[in-house]
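Peer 1: Dropping a structure here in structure tokens format, bear with me for questions.
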Amino acid sequence: MREYFPEVKNVKYEGPDSKNPLAFKHYNPGETIMGKTMAEHLRFAVCYWHTFKGLGADQFGADTIVRSYDDAADPMQRAEQTMHAAFEFFTKLGVDFWCFHDRDIAPEADTLAETNKRLDTIVALAKTLQNDTGLKCLWGTTNAFSHPRFMAGAGTNPDPHVFAYAACQIKKAIEITHELGGQGYVFWGGREGYDTLLNTDMKRELDHLALLLQLAVDHKKSIGFDGQFYIEPKPKEPTKHQYDFDAGNCFAFLQKYNLVPHFKLNIEANHATLAAHTFHHELEFSAVNGILGSVDANRGDLLLGWDTDQFPTDLYDTSLAMYIILRAGGFTTGGLNFDAHVRRQSIDNADLFYAHIGSMDAFARGLKIAARLIEDKPLEKAIQDRYAAWDSPFGKDVAAGKMDFAKLQAWILENGQPTPRSGRQELLENILNEYI
Ligand code: XLS
Ligand code: CA
Ligand code: CA
């Protein structure tokens, strides 16, 4: 069997004192934290598109990275080699899950029939490799944004012919995800938005997008796929405005079209910052509304205003993310998918490993920090204390809606001015630092 990453053997946990760059210092998959192993909590997934198909090209320049699995002239042979390389990588890294778009794993042909036949060939190979290695599919998805036919959107396209094409592609992608035992399926509205309102019928587009999702829900039921559907918010890029702007927008959309029971959100860190939110905010909004499903773990760059999809290494981010996730009950079908790519100058195979190892360690540390925060409750206590007046008899009556405006006025006339209280932000930031 050909080896595609010969310079790296299986990555192991060596503990915080290890100086081996190809070992975990903090991610110890079997270690138990709050009743579950680290592997069960974190549910790491490697993404197919950036990790194996991304070879360093950007808007200003061509590929910089050469991988040995990419050396076959025939596109299907290349796809097969890539799949073998991917499973070698997953196994050596020691993750349990992977994620893919239909177009990542098999090249598109001239007709839908031929394209789907190619997918079947590659999916059969992926299934065998899953069985051989124990790897599982966290989620599958459709790329309905790269092909020129989707330049004006997929479900939101002004042409029903394109809507139909997108539907066929989604149908097949759900079927192959089901075939691979996928635990979920993601809808990212890559071009479901607009570049100018001068040529856009927004009402129709929103209705059509909802219809496409409803048809997907119907199809899911008809084939008995019980994986979780997710919408992945992103405010812009590639279009100027995308309808699935942020978690708040997605939730409103799902409510309007009665889709809430069928969808959760896949929150990506970099998309949160593009929407001028924090990762923390998007996770918390989803958690409090019961729609937190899965996470695309990456980060942006504060000095670059686009979707740089860098590997996550910031311990504040990973700690606060794990804090929200644990408090929301942890992942069920979801996980931490590294939707991230190495930088254009990181051209060695080893760089792919360093990137994933560092991010897995960063989340492992985040998990441990979050668990201690949950045990000691410093933030929880501070918040409880801040809102304690709502637990007084008066506060309870107000919250229960027992006090109308007239009663509130009478109460104020009797009780006068409220007493200002400190929000203690700096103190809480200091306390958080003690844990990190
Ligand atoms: C692009 C998105 C995409 C989705 C899956 O910005 O992050 O990769 O995760 O289509
Ligand atoms: Ca993503
Ligand atoms: Ca992204």
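Peer 1: I'd like the full set of residues that are open to solvent by 30 Å² or more (accessible area, probe 1.4 Å), within 15 Å of ligand 2 (Cβ to nearest atom) and closer than 18 Å to F187 by Cβ, limited to the range 258-290.
Peer 2: K264, the sole residue that qualifies.
Peer 1: With the checklist (1) free of Cβ contacts under 8 Å to residues at least 40 places away in the same chain; (2) buried (at least 22 other Cβ atoms within 10 Å of the Cβ) in hand, flag the one item A72 doesn't pass.
Peer 2: Failed condition: (2).
Peer 1: Hey, D351 hits all of (1) surrounded by fewer than 18 Cβ atoms within 10 Å (Cβ to Cβ); (2) not in a helix (DSSP H, G or I) but one; which does it fall short on?
Peer 2: Unmet for D351, out of (1) surrounded by fewer than 18 Cβ atoms within 10 Å (Cβ to Cβ); (2) not in a helix (DSSP H, G or I): (2).
Peer 1: Taking the criterion of being within 16 Å of ligand 3 (Cβ to nearest atom), assigned to a loop (DSSP other than H, G, I, E, B) and under 19 Å from F331 (Cα atoms), would at least one residue in the range 230-241 satisfy it?
Peer 2: Yes, because at least one residue in the range 230-241 is within 16 Å of ligand 3 (Cβ to nearest atom), assigned to a loop (DSSP other than H, G, I, E, B) and under 19 Å from F331 (Cα atoms).
Peer 1: Here's a follow-up. Would you tally the residues in the range 291-302 being closer than 30 Å to N258 by Cα and within 16 Å of ligand 2 (Cβ to nearest atom)?
Peer 2: Residues that pass the stated criteria total 6.
Peer 1: Report yes if A364 is within 16 Å of ligand 2 (Cβ to nearest atom) and either open to solvent by less than 50 Å² (accessible area, probe 1.4 Å) or farther than 30 Å from A85 by Cα (or both), otherwise no.
Peer 2: When the stated conditions are applied, A364 does not pass them.
Peer 1: Another question, if that's okay. Pick from the range 196-210 the residues that are closer than 13 Å to G153 by Cβ and in contact with a helix residue (DSSP H, G or I) (Cβ under 9 Å, 6 or more places away or on another chain): which of them is least open to solvent (accessible area, probe 1.4 Å)?
Peer 2: L209
Peer 1: In this structure, does A106 turn out to be more than 20 Å from the chain's Cα centre (by Cα), open to solvent by less than 20 Å² (accessible area, probe 1.4 Å) and of a type in the set (G, A, S)?
Peer 2: yes
Peer 1: Please enumerate the residues belonging to the range 291-318 that are away from ligand 3 (no atom under 15 Å from the Cβ), surrounded by 23 or more Cβ atoms within 10 Å (Cβ to Cβ) and aliphatic (A, V, I, L, M).
Peer 2: Residue satisfying the conditions is L292 alone.
Peer 1: Take the residues of the range 8-37 that are part of a loop (DSSP other than H, G, I, E, B) and of a type in the set (D, E, K, R): which is farthest from A85 (Cα to Cα)?
Peer 2: Result: D17.
Peer 1: Give the residue that is farthest from Q214 (Cα to Cα), with candidates limited to residues of the range 149-160 that are in contact (Cβ under 8 Å) with a residue 40 or more places away in the chain and surrounded by fewer than 16 Cβ atoms within 10 Å (Cβ to Cβ).
Peer 2: In this case the residue turns out to be M151.
Each row is one residue, and each column tells you yes or no for (1) more than 44 Å from the chain's Cα centre (by Cα); (2) modelled with pLDDT of 95 or more; (3) not in a helix (DSSP H, G or I).
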{"position": "K381", "(1), (2), (3)": "no, yes, no"}
{"position": "D385", "(1), (2), (3)": "no, yes, no"}
{"position": "G395", "(1), (2), (3)": "no, yes, no"}
{"position": "I412", "(1), (2), (3)": "yes, yes, no"}
{"position": "Q417", "(1), (2), (3)": "yes, yes, yes"}
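Peer 1: Being open to solvent by less than 100 Å² (accessible area, probe 1.4 Å) and more than 17 Å from Q384 (Cα to Cα) is the filter here; which residues of the range 411-428 pass it?
Peer 2: Listed by number, the residues that qualify are W411, I412, N415, G416.
Peer 1: Still on this structure, I have one more. Considering the range 161-188 alone, what residues qualify as being open to solvent by 10 Å² or more (accessible area, probe 1.4 Å) and within 16 Å of ligand 3 (Cβ to nearest atom)?
Peer 2: F187, W188
Peer 1: Tell me which residues, restricted to the range 69-115, are over 27 Å from G335 (Cβ atoms) and hydroxyl-bearing (S, T, Y).
Peer 2: Selection gives T111, T115.
Peer 1: Output the residues belonging to the range 166-195 that are closer than 21 Å to F331 by Cβ, of a type in the set (A, V, I, L, M) and within 16 Å of ligand 2 (Cβ to nearest atom).
Peer 2: Once the filter is applied, which keeps residues that are closer than 21 Å to F331 by Cβ, of a type in the set (A, V, I, L, M) and within 16 Å of ligand 2 (Cβ to nearest atom), the range 166-195 yields only V186.
Peer 1: Continuing with the same structure: Scan the range 213-257 for residues that are open to solvent by 50 Å² or more (accessible area, probe 1.4 Å), more than 18 Å from N157 (Cβ to Cβ) and basic (K, R) and report the count.
Peer 2: Within the range 213-257, residues that are open to solvent by 50 Å² or more (accessible area, probe 1.4 Å), more than 18 Å from N157 (Cβ to Cβ) and basic (K, R) number 3.
Peer 1: Restricting attention to the range 303-330, which residues are within 16 Å of ligand 2 (Cβ to nearest atom) and within 15 Å of the chain's Cα centre (by Cα)?
Peer 2: Listed by number, the residues that qualify are D307, T308, D309, Q310, F311, P312, D317, A321.
Peer 1: Any residue in the range 1-23 that is among the polar types (S, T, N, Q) sitting within a Cβ distance under 8 Å of a residue that is at pLDDT 95 or above? List the pairs, counting only those 6 or more apart or interchain.
Peer 2: Between residues of the range 1-23 that are among the polar types (S, T, N, Q) and residues that are at pLDDT 95 or above, the close pairs are N10/T91; N10/K92; N10/G94; S18/K25; N20/E14.
Peer 1: How many of the residues making up the range 170-194 are among the acidic types (D, E) and either free of Cβ contacts under 8 Å to residues at least 24 places away in the same chain or out of contact with any strand residue (DSSP E or B) (no Cβ under 8 Å at 6 or more places or on another chain) (or both)?
Peer 2: So the count comes out to 2.
Peer 1: Would you mind finding the one in T32, T51 that is out of contact with any strand residue (DSSP E or B) (no Cβ under 8 Å at 6 or more places or on another chain) and either without any contact (Cβ under 8 Å) to a residue 24 or more places away in the chain or surrounded by 11 or more Cβ atoms within 10 Å (Cβ to Cβ) (or both)?
Peer 2: T32
Peer 1: Right, next: Which members of the range 113-146 meet the condition of being within 22 Å of F187 (Cβ to Cβ) and either hydroxyl-bearing (S, T, Y) or exposed (fewer than 15 other Cβ atoms within 10 Å of the Cβ) (or both)?
Peer 2: Listed by number, the residues that qualify are T115, T141, T142, S146.
Peer 1: Whether any residue in the range 246-257 is at pLDDT 95 or above, away from ligand 3 (no atom under 16 Å from the Cβ), in contact with a strand residue (DSSP E or B) (Cβ under 6 Å, 6 or more places away or on another chain) and within 26 Å of T177 (Cα to Cα) is what I want to check.
Peer 2: Checked against the condition, which is being at pLDDT 95 or above, away from ligand 3 (no atom under 16 Å from the Cβ), in contact with a strand residue (DSSP E or B) (Cβ under 6 Å, 6 or more places away or on another chain) and within 26 Å of T177 (Cα to Cα), the range 246-257 yields at least one hit.
The values are calculated or read from the model by the stated rules, or taken from the named source; none is laboratory data. If you're wondering where the values come from, they're calculated on a predicted model, not measured in any experiment. Cβ: placed from backbone, ideal geometry, glycine included. Neighbour counts: every protein chain shown. What goes into the accessible areas is simple: the full protein's heavy atoms, side chains included, and nothing from ligands, DNA or RNA. Shrake-Rupley method; radii C 1.70, N 1.55, O 1.52, S 1.80 Å.
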